[in-house]
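Visitor: Let me give you the structure first, and then I'll get to my questions.
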Amino acid sequence: MRNASDQFDSLLHEHRTFPPPAGFSAAAHVASDDVYEEADGDWQAWWEGWARELDWFEPWHTVHEWDAPHARWFVGGKLNVSHNCLDRHLDGPRRDRTALIWEGEDGERRTFTYAELHAEVCRFANGLKALGVGKGDRVAIYLPMIPEAAVAMLACTRIGAPHSVVFGGFSPESLADRIDDAEARLLITADGGYRRGSVVPLKKNADAAVARTDSIEHVVVVARGGIEEASGATMVEGRDVWYHDLVADASTDCPAEPMDAEDVLFILYTSGTTGKPKGVVHTTGGYLTHVYATSKLVFDLKDDDVYWCTADVGWITGHSYIVYGPMANGVTQVMYEGAPDHPDRGRFWRICEEYGVTVFYTAPTAIRAFMRWGEAWPAKSDLSSLRLLGTVGEPINPEAWMWYHEVIGAERCPIVDTWWQTETGGIMITPLPGVTTTTPGTAVRPFPGVAATILNEAGEEVDAGFLAVTRPWPGMLRTIWGDDERFRQTYWSKWDGIYFPGDGAKRENGNLWILGRVDDVLNVAGHRIGTAEVESALVDDQRVAESAVVGRKDDIKGEVVCAFVTTKEGVESGDELAAELKQHVVDKIGAIARPAAVIFTADLPKTRSGKIMRRLLKDIAEGRAIGDTTTLADPAVVQALEEKYAGSEG
Ligand code: WTA
């Protein structure tokens, strides 16, 4: 609970303004806000200018076609993403520049120059071809944060095989669902990975997943140094191939497949309001243009930068701002495998010092954890190389913003609070570090060329309501894999031709504040979790009759999963069952969805038409006075729940 003085601080911070430091602006890619007018004047020409900075095998004939809700960008153009992230850099000084500095959680270190990364990607791309993977075939990737994750993604794009990366924390069942939905032919995994010192048995999970699916023909397994035994990995004859065997004799020559600008680049599954995750489809030319331009301007990337994004490649942030955007810019970056508090809470700051990190991009949930751990940890390391800080994934509370600014940035580094989504492909609302005067907690304004505003249900502009993107942009999702109707319904049915992201927003002093999801999607530590997914995992247990899942505010994670459960008759509810149900959710979905609390109730509050009133459950979970109950079928249900919840923490 926040006390009165915290709230007072927060009010103060919300009204402080931070112009870009003069020295920063002088050297920045963008130092004047004329760029906004220029981009708005002819937004298609603006994006076209960015596309021209990439290498194309064949030029486009039309910049943009819009048949709402279907967009095409750079129509007729041909290019290859791997070529743009690697080959393009090989003729100049970037050839021998370090592309990747990787640090394992166990302290192991590997580095790749752009030339070395290119050779590795070509070898693996040839290996994939040898296993029969070709243009258009889907490849599932289930890897820890090791260099081979980036290599695998780039190898897929090189041969035109759309990848579907599945976060290594997902359960075998979640992996199997995603493999099935995309009908992936090949799976790339590792024997295991490290997390807080213990081994995550990825190959075992992968085997359990493949046993539930029909489409996988081969599994390529990366040997993550030194953990073969601990991982318990075994190889299936004829199906499984070690990565190192596959690339051992493979040629480093693998021509990049010319892809149509609108060919599918990847599918990435994300949670929505139903039990089934959505396969968000991104295509080639527009996506790369968007992430290239935003990486360059938002992170102000220069040739001497050392960039570090702490996301996992299993999420969109890892796709757009570890692999594709930064590599298309030819930057040097750090990639770290493990947890921020292993072996102690100073790990991130030692990495910053050791490699001279200049641009650092992380999530508010991490910043709140650092705050709680205290200033002594960052104080042990020299952070003077940092020049720019970023945040992504959820709203940042002004206190955390101020701490980031003062303790990590030493009041010297601009902060870019970047709003975007899996669906948008790249950053949409953000400060530009050399131009924008920021205020703690606001993402400020749309990136040049992007048009976003706040609308009410009727589509009228308001100061507080739904965030809306009113103009197509190159990185936009093209559809939901195999379900175009869901694509239309989810994003394009609220207003005509306007994109609905599912977030609430307000405008204050001209700034856009993103207020969080307005649908049944939770944001737990920056991860999207659909309440319906958790509910179906719960009712999957034979003893559960019904469940309703809501988010409860949390000081570190932003929100945690709170599950209300009605058991079947004769089932004994109690701590033991609560623990088993939590574990069941972990088994079904993955540890990120583990409920923080399971509350048993004889009934769930429902309207007379039988709809569960989640708003009331949220009030109960957060210990607030209950709102209007007049539409309830049976008001006594709520009273009983309130009494019960007051005495339990699940
Ligand atoms: C939330 C992550 C406020 C938002 C890139 C969005 C944010 C969802 C911000 C997308 C931010 C992301 N301020 N909220 N700067 N960035 N969000 O698909 O609710 O994992 O809809 O993409 O995260 O999450 P996703």
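Visitor: Based on the alpha carbon coordinates of the chain, what radius of gyration and maximum Cα-Cα distance (Dmax) apply, in Å?
Guide: Calculated on Cα positions, Rg and Dmax stand at 24.3, 74 Å.
Visitor: Region 135-201: which trypsin sites (Lys or Arg not before Pro) are DSSP loop and have at most 13 other beta-carbon atoms within 10 angstrom?
Guide: LYS135, ARG196
Visitor: I would also like to ask the following. With the contact rule set at Cα under 8 Å and sequence spacing of 6 or more, what percent relative contact order holds for the chain? Provide the component values of the computation, followed by the final result.
Guide: Numbers: 1420 pairs, mean separation 88.3, N = 650.
Once divided by the residue count of the chain, the mean separation gives 14 percent.
Visitor: Further question: Quick one: Cα centre-to-centre distance for region 564-580 and region 49-120, in angstrom?
Guide: Here the answer is 52 Å between Cα centres.
Visitor: Given a 1.4 angstrom probe, I'd like the percentage of the accessible area of region 120-266 that is carbon and sulfur, rounded to a whole number.
Guide: Roughly 45 percent, rounded to a whole number.
Visitor: State the dimensionless ratio Rg/Rh of region 521-645 (Rg: radius of gyration of Cα atoms; Rh: Kirkwood radius).
Guide: 0.95
Visitor: If the only charges are +1 at each Lys and Arg Cβ and -1 at each Asp and Glu Cβ, what is the size of the charge dipole of region 521-645 around the Cα centre, to the nearest 20 debye?
Guide: Rounded to the nearest 20 debye, it is 480 debye.
Visitor: Now, a different point. At a threshold of 8 angstrom on Cα-Cα distance, excluding pairs fewer than six apart, so keeping six or more, what relative contact order does region 288-391 reach in percent?
Guide: Result for region 288-391 is 30 percent.
Visitor: Find which of VAL571, ILE514, MET613 sits farthest along the positive direction of the dipole of region 510-615, computed with +1 on the beta-carbon of Lys and Arg, -1 on that of Asp and Glu, about the Cα centre.
Guide: Going by the charge dipole, the pick is ILE514.
Visitor: Same structure, new question: Please report the net charge: other residues with Cβ closer than 11 Å to the Cβ of LEU187, K and R +1, D and E -1.
Guide: Values: positive: ARG138, ARG178, ARG185, LYS203, ARG239; negative: ASP207, GLU217, ASP240.
Cβ neighbours under 11 Å give a net charge of +2.
Visitor: Follow-up question, since we're still on this one. I need the semi-axes of the equivalent ellipsoid of region 1-126: take the C-alpha gyration tensor, multiply each eigenvalue by 5, square-root it, list largest first in whole angstrom.
Guide: With the √(5λ) rule applied to region 1-126, the semi-axes are 37, 30, 18 Å.
Visitor: Rolling a 1.4 Å sphere over the protein heavy atoms, what is the accessible area per residue of region 312-365, to the nearest Å²? If you can, show how the numbers build up before the last one.
Guide: Numbers: 1020 Å² over 54 residues.
Here the per-residue accessible area is 19 Å².
Visitor: When only DSSP loop residues count, what chymotrypsin sites (Phe, Trp or Tyr not before Pro) in region 384-422 have their Cβ near at most 13 other Cβ atoms within 10 Å?
Guide: none
Visitor: Same structure, new question: Helix-only mean residue ellipticity at 222 nm, the chain, DSSP H runs n ≥ 4 weighted -39,500 (n - 2.57), per residue, nearest 500. What is it?
Guide: For the chain, the value works out to -8500 deg cm²/dmol.
Visitor: Determine the per residue accessible area of region 436-527 with all protein chains present and a 1.4 angstrom probe, expressed in square angstrom.
Guide: That works out to 36 Å² for each residue.
Visitor: Using a 1.4 Å probe, what is the accessible area per residue for region 90-165, in Å²?
Guide: 29 Å²
Visitor: Normalised by the number of residues in region 341-431, what is the relative contact order in percent for Cα pairs under 8 Å and 6+ residues apart?
Guide: It rounds to 27 percent for region 341-431.
Visitor: Okay, next question. Net charge near TRP50, counting Lys/Arg +1 and Asp/Glu -1 over other residues with Cβ under 14 Å of its Cβ?
Guide: Local net charge: -3.
Visitor: Whole Å is fine, so just give me how far the alpha carbon centre of region 285-311 lies from that of region 486-528.
Guide: Region 285-311 and region 486-528 have Cα centres spaced 24 Å from each other.
Visitor: Counting only protein heavy atoms, what percent of the accessible surface of region 521-645 is carbon or sulfur at a 1.4 Å probe? It would help to have the intermediate numbers written out before the result.
Guide: Values: 2700 of 5590 Å².
Carbon and sulfur together cover 48 percent of it.
Visitor: Take peptides 482-495, 285-298 and line them up by average Cβ neighbours within 10 Å, highest first, as a rough protection proxy.
Guide: Peptide ranking by packing, descending: 285-298, 482-495.
Visitor: Considering the chain, which cysteines have no disulfide-compatible partner, defined as another cysteine with its Cβ under 4.7 Å away?
Guide: Flagged as lacking a Cys partner: CYS85, CYS156, CYS309, CYS352, CYS413, CYS562.
The values are calculated or read from the model by the stated rules, or taken from the named source; none is laboratory data. Just so we're clear, the structure is a prediction, and the values are computed from it rather than from any experiment. Using ideal geometry, Cβ is built from the backbone for each residue, glycine included, and neighbour counts are taken over all protein chains shown. With ligands, DNA and RNA removed, areas are computed over all heavy atoms of the protein, side chains included. Shrake-Rupley method; radii C 1.70, N 1.55, O 1.52, S 1.80 Å.
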